[in-house]
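Throughout, read-outs are computed from the coordinates displayed, never taken from laboratory work. For clarity, every value in this text was computed on a predicted model and none was experimentally measured. Methodologically, a virtual Cβ is constructed for each residue, glycine included, from the backbone with ideal geometry; neighbour enumeration extends over all protein chains shown.
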There are 2 protein chains.
Amino acid sequence: MHMPLTNQPNPTTPINPLGALTDLLQSDLLAVNALIMQRMQSEVELIPELAGHLIAAGGKRIRPLLTLASAALFDYKGTRQHKLAACVEFIHTATLLHDDVVDDSNQRRGRSSANALFGNEPAVLVGDFLFSRAFQLMTEDGSLEVLRILSGASAVIAEGEVLQLAATNDIETDEAHYRRVIAAKTAELFAAACEVGAVVAERSPAECAALRNYGMNLGMAFQIADDVLDYAAKRERLGKSLGDDFKEGKMTLPVIRAIGKASPAERKFWRRCLGEMEQSDADFHEACALLEKHKVLEESLDEAHRYAEQGIAALCAIEESPLRGHLEDLILFAIDRDY
Amino acid sequence: MHMPLTNQPNPTTPINPLGALTDLLQSDLLAVNALIMQRMQSEVELIPELAGHLIAAGGKRIRPLLTLASAALFDYKGTRQHKLAACVEFIHTATLLHDDVVDDSNQRRGRSSANALFGNEPAVLVGDFLFSRAFQLMTEDGSLEVLRILSGASAVIAEGEVLQLAATNDIETDEAHYRRVIAAKTAELFAAACEVGAVVAERSPAECAALRNYGMNLGMAFQIADDVLDYAAKRERLGKSLGDDFKEGKMTLPVIRAIGKASPAERKFWRRCLGEMEQSDADFHEACALLEKHKVLEESLDEAHRYAEQGIAALCAIEESPLRGHLEDLILFAIDRDY
């Protein structure tokens, strides 16, 4: 297993490449934040109020940052990437709002979720508004290629969410299904966010594909790490609750692996907890103990590292630069993060 | 008050102009239906299953029909309107799916609603999918003007829904607020559907605006009639339940008018039923009796007829034709229908 931060392949990795990217692209990011605040406005007051609750809570802005970084990687000098980065964040925010309704979540980004605070109804509708707003922004930009990429990504995300829903509580779910789910619900938007930056910079199809490929692998690594963190105590720092996936009966990689190695008694445990959703408070600790016993968290992180390697390899098609270095580091950081 | 069907301004009005339009545009409509069935497909089986439940239930296809009629009105000979009519229906279907989740409805088009049958979660997500698919279709069409119209309409619809939600249970809601809500949540998509047909036929801005104006007024008349029908027994024929708006505490025109004329005791009744949502079975009949007493259903239909007149006037900018006649009749039919 790769050790967090202490044993990284690249010895020059800074502690936090996300911070480095944020610093490097600070003026772009400020422009994007200003656009986000401006374009989430509506005369219907509840809309900016609800959207603002989630957007102002911050989040890492990792997806819009990818669009900015990708455009900057190719020395693009215009400002189109600002509007498109805002689109990407709006699409992401819309999916978060709908996700929290679907999962009946009470927490998001360390505070009450929008649906918990305002009710499910406006959370659904404000999600729709942000989604529509994203398409208005893209239309203003006027690139049909960007519209193709992001409308396609949006459809794939919805497919991924439905696919995940269908597998919830199904302890027969296999790894191929899991990969299909996370590729669609998570990695697709990372891929699109990166690709759009290259498209804006009018790069060759091969370079656009390289960025897309990088984003896809980053997204896969990011989601696997996320699914591991749901069973790892450190997460509680960022206000996400530990064990959410377990409580919802989500079939994530660690659990799928653990079920694959389960004794008949263990299998019965998983079926009861995740299949039949009969859980007591002690069950989550038992689940963590089983993941530990079968070393599946380590295995899952190894899997994430394989995606990281592919993502880093994809960037070889792009000229070397400090920015490229940060993107390489980012994919490792996405795995070794503790939030 | 205008009498249904017996006392119409235009003596040549056929019994059902919707039927006449459907006949006239039958081959277009078949092409649109084929596109709808084809493009709602997904490898994620639950998506066509759930979407198909609602789409196959039929509905009147009135919005896509408007796009087809508008293109035909200008003798447009291409096929672009088919894809765009499918977009319009996808956007409408997505809003229905989300509406039913928001309203917690159990019935739609005479059968169980998708959320009642499949659960709220997939209904939200399949709505997102159809919405994304609509933007994919528009992108394939490639007209930024169409994208502008329909992404704008989508944002406005979401605003209207939120606005309606904010007024629910608020018995101080006034008519101006009501008009703002129905213009946004209903009439905007009628307007956009009509406008898109004219845009596809590459007509002048004035002609595009005339069609948009017609659609807007049709939508206003249609929604007011819908809100009247919720208190009129005939509706039960089409499987919509009577009194849904009352049960949900929705502030529609008849109720707003009745509250405006209410005695103190009646006002107390409305406050209890719609404001505080304390309703017994007998209350709906009492509500109907009050609407009858104050003649507000008739007044509301008169209001709808004023929109009809404006819609018909808007069509004066367009050359006379049998098709134009059907569109004129349609707006009267939308008011005098019994479903």
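Spin-label model, A:LYS295 to B:MET277: label points 7 Å out along the Cα-to-beta-carbon direction sit 5.5 nm apart. Summary value for chain A: 21 percent relative contact order, contacts being C-alpha pairs under 8 angstrom separated by 6+ residues. Between the C-alpha center of segment A:261-339 and that of segment B:271-331 there is a gap of 58 Å.
The charge dipole of segment A:162-239, taken about its Cα centre with unit charges on the Cβ atoms of Lys, Arg (+1), Asp and Glu (-1) only, comes to about 240 debye.
Label sites at B:GLU45 and B:LYS60, each approximated as a point 7 angstrom past Cα along Cα to Cβ, lie 3.6 nm apart. Distances from B:HIS285 to itself in the other copies, using label points 7 Å out along the Cα-Cβ axis, amount to 6.0 nm in increasing order.
By its C-alpha gyration tensor, with a ≥ b ≥ c as the square roots of the eigenvalues, how is segment B:163-279 shaped: rounded for a/c under 1.5, else prolate for a/b larger than b/c, else oblate? Since a/c reaches 1.5 and a/b is larger than b/c, the shape of segment B:163-279 is classed as prolate.
How many partner chain Cβ atoms sit within 10 Å of a residue's Cβ in peptide A:146-156, on average, as a whole number?
5
With charges only on Cβ, +1 for K and R and -1 for D and E, what is the dipole size of segment B:25-183 about its Cα centre, in debye, rounded to 20?
Result for segment B:25-183 is approximately 720 debye, rounded to the nearest 20.
Compared with the dominant Cα axis of chain B, that is its longest principal axis, helix B:322-336 is turned about 20°. Within 10 Å of the Cβ of each residue in A:165-175, the mean number of Cβ atoms contributed by other protein chains is 1. Listed by chain and number, the aspartates and glutamates whose C-alpha is less than 16 Å from the C-alpha of B:LYS268, apart from same-chain residues fewer than 8 away, are B:ASP170, B:GLU172, B:GLU276, B:GLU278, B:ASP283, B:GLU286.
Across segment B:71-209, C-alpha contacts under 8 Å between residues 6 or more apart give a mean separation that, scaled by the residue count, equals a relative contact order of 30 percent. Net charge dipole, segment B:102-164: roughly 260 debye, given to the nearest 20, about the Cα centre with Cβ charges of +1 for Lys and Arg and -1 for Asp and Glu. For B:GLY142, the label point sits 7 Å beyond Cα toward Cβ; its separations from the matching points on the remaining copies run 1.7 nm, from shortest to longest.
Just list whichever of A:LYS250/B:LYS250; A:LYS250/B:LYS185; A:LYS247/A:LYS293 have alpha carbons separated by over 32 Å in the model shown. Exceeds cut-off: A:LYS250/B:LYS250; A:LYS250/B:LYS185.
Plainly put, the tip 7 Å out from Cα toward Cβ on A:CYS316 is 7.3 nm from that tip on each other copy, the closest given first. The modelled label-to-label distance for the pair A:THR79/B:ALA232, using points 7 Å beyond Cα in the direction of Cβ, is 5.3 nm. Subtracting the Cα-Cα distance of A:GLU145 and A:ALA265 from their residue separation scaled by 0.36 nm leaves 37.9 nm. Using the Cβ-Cβ distance between A:ASN16 and B:ASP244 with R0 set to 56 Å, the FRET efficiency from 1/(1 + (r/R0)^6) comes to roughly 0.55.
The long axis of helix A:144-167 is offset from the longest Cα principal axis of chain A by roughly 10 degrees.
Relative to the longest principal axis of the Cα atoms of chain B, the long axis of helix B:46-56 makes an angle of roughly 80 degrees. Using C-alpha pairs under 8 Å with a sequence gap of at least 6, the mean separation divided by the residue count of segment A:217-322 gives a relative contact order of 39 percent. Averaging Cα coordinates gives a centre for segment B:69-145 and one for segment B:32-63; these two points are 9 Å apart.
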